[in-house]
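Asks: Could you have a look at this structure, given as structure tokens, before my questions?
The values are calculated or read from the model by the stated rules, or taken from the named source; none is laboratory data. As the structure is a prediction and not an experimental result, all values here were calculated from the model. Every residue, glycine as well, gets a Cβ built from its backbone with ideal geometry; the counts of neighbours run over all protein chains shown. Heavy atoms of the whole protein, side chains included, go into the accessibility calculation; ligands, DNA and RNA do not. Shrake-Rupley method; radii C 1.70, N 1.55, O 1.52, S 1.80 Å.
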Amino acid sequence: MENRILIVDDEKEIADLIEIYLKNDGYTVYKFYNGRDALACIESKEIDLALLDVMLPDIDGFRLCQQIREKYFYPIIMLTAKGEDADKIMGLTIGADDYITKPFNPLELIARVKTQLRRYVRYNNAGLSEEKNQPTAEYDIRGLRINQSTHKCFLYGNEVLLTPIEFSILYYLCEHQGKVVPSEELFEAVWGEKYLDNNNTVMAHIGRLREKLNEIPRRPKFIKTVWGVGYTIE
């Protein structure tokens, strides 16, 4: 089945260009120039990935991202103005999976879309082809339980709803329990891309994970920061 992509951007030329490239790659596209119409589509159509511009004429992209995350966990890529680091951090903090700055190379955007969709498909199909006698890859760390086969996470028996990116980060840290994982290593392992200096992506997602795990900022029980190096789960 074709993947269904939502585009929301009030710059008609950009939205139309993205639509052309996506359709040429075989994707089904739902395109809107405002948030209101996009929300109506979200409620009536199955979506596999959303591309959201930050600046929209009615509902801004951040608010739209938040409303999507209240119900859905498919990947969200934010489209931000060049150099607006605050927008990037804000988008990642409220639940976006990735961002790309304008102006961008359409081929890079398509590559980002494919990467996010591959991760999303693996996340949703986890365990469907597992052999019955295959051991379960599961970690239980002081009440935090995460299972790779089912792609589920529980904290003291209560399920914690994670996006595919959040799950991958937490599972990687659990896999390396007791070791400090550098931010560069974590980024390259989860996103599959080369880490660049001043990349706030990992930090923003760690912050969101801590919120979902009810961590006390200055005394986290699970994900601890080793300043200047990276993160660890002891």
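Asks: Rounded to the nearest percent, how much of the accessible area of the chain (1.4 Å probe, protein heavy atoms only) is carbon and sulfur?
Replies: Values: 5950 of 12160 Å².
C and S fraction of accessible area: 49 percent.
Asks: Roughly what would the spin-label model give for residue 66 and residue 24, points 7 Å off Cα along C-beta, in nm?
Replies: Simple spin-label model gives 3.7 nm for this pair.
Asks: State whether the stretch 156-231 is rounded, prolate or oblate according to the following rule on the C-alpha gyration tensor (a ≥ b ≥ c being the square roots of its eigenvalues): a/c under 1.5 gives rounded; otherwise a/b larger than b/c gives prolate, and the remaining case gives oblate.
Replies: Working: a/c = 1.67, a/b = 1.37, b/c = 1.22.
Here the stretch 156-231 falls in the prolate category.
Asks: Can I ask one more? Name the shape class, rounded, prolate or oblate, that the alpha-carbon gyration tensor gives for the stretch 1-128, where a ≥ b ≥ c are the square roots of its eigenvalues, rounded holds for a/c under 1.5, and otherwise prolate holds if a/b is larger than b/c and oblate otherwise.
Replies: The shape class here is rounded.
Asks: Give me the lysines in straight-line cross-link reach of residue 71: C-alpha distance below 30 Å, same-chain residues under 8 apart excluded.
Replies: Leaving aside lysines fewer than 8 places away in the same chain, those within reach of residue 71 are 12, 23, 31, 45, 82, 88, 102, 114, 152, 212, 221, 224.
Asks: Just from its helices, what would the mean residue ellipticity at 222 nm be for the chain, if runs of 4 or more DSSP H residues each count -39500 (n - 2.57) and the sum is divided by every residue, rounded to the nearest 500 deg cm²/dmol?
Replies: Values: 8 runs with 94 residues, N = 234.
Taking each H run of at least 4 residues, the total per residue is -12500 deg cm²/dmol.
Asks: Run the simple label-point estimate for residue 172 and residue 124 please: 7 Å along Cα→C-beta, distance reported in nm.
Replies: According to this spin-label approximation, the distance is 2.3 nm.
Asks: How about the stretch 1-45: which GluC sites (Glu not before Pro) there lie in a loop by DSSP and see at most 16 other Cβ atoms within 10 Å?
Replies: Details: sites: 2, 11, 13, 19, 43; in loops: 2, 11.
Sparse-neighbourhood loop GluC sites (Glu not before Pro): 2, 11.
Asks: Please list 3J(HN,Hα) in residue order for the stretch 9-18, calculated via the Karplus relation 6.51 cos²θ - 1.76 cosθ + 1.60 where θ = phi - 60°; whole Hz, with x for glycine and proline.
Replies: For the stretch 9-18, the Karplus curve yields 7, 7, 7, 4, 4, 5, 4, 5, 5, 4 Hz.
Asks: Which order do peptides 48-60, 153-165, 213-225 fall in by mean Cβ count within 10 Å, highest first? If you can, show how the numbers build up before the last one.
Replies: Working: 48-60: 19.9, 153-165: 16.4, 213-225: 13.4.
Ranked by mean Cβ neighbours within 10 Å, highest first: 48-60, 153-165, 213-225.
Asks: For the chain, what does the accessible surface come to per residue with a 1.4 Å probe? Please give it in Å².
Replies: On the way: 12160 Å² over 234 residues.
With all protein chains present, the chain gives 52 Å² per residue.
Asks: If the viscosity is 1.567 mPa s and the temperature 4 °C, what translational diffusion coefficient in µm²/s does Stokes-Einstein give for the chain when Rh comes from Kirkwood over Cα pairs? Can you show the working numbers first?
Replies: Working: Rh = 18.6 Å.
It comes out at roughly 70 µm²/s.
Asks: So, one more: For the chain, give the magnitude of the charge dipole about the Cα centre (Cβ charges: +1 Lys/Arg, -1 Asp/Glu; no others), in debye to the nearest 20. Write out the running numbers ahead of the final one.
Replies: Working: 30 positive and 37 negative charges, 158 e Å.
Taking the Cα centre of the chain as origin, the dipole is about 760 debye.
Asks: Picking from 21, 91, 223, whose Cα lies most toward the positive end of the charge dipole for the chain (charges on Cβ: Lys, Arg +1; Asp, Glu -1)?
Replies: In the chain, that residue is 223.
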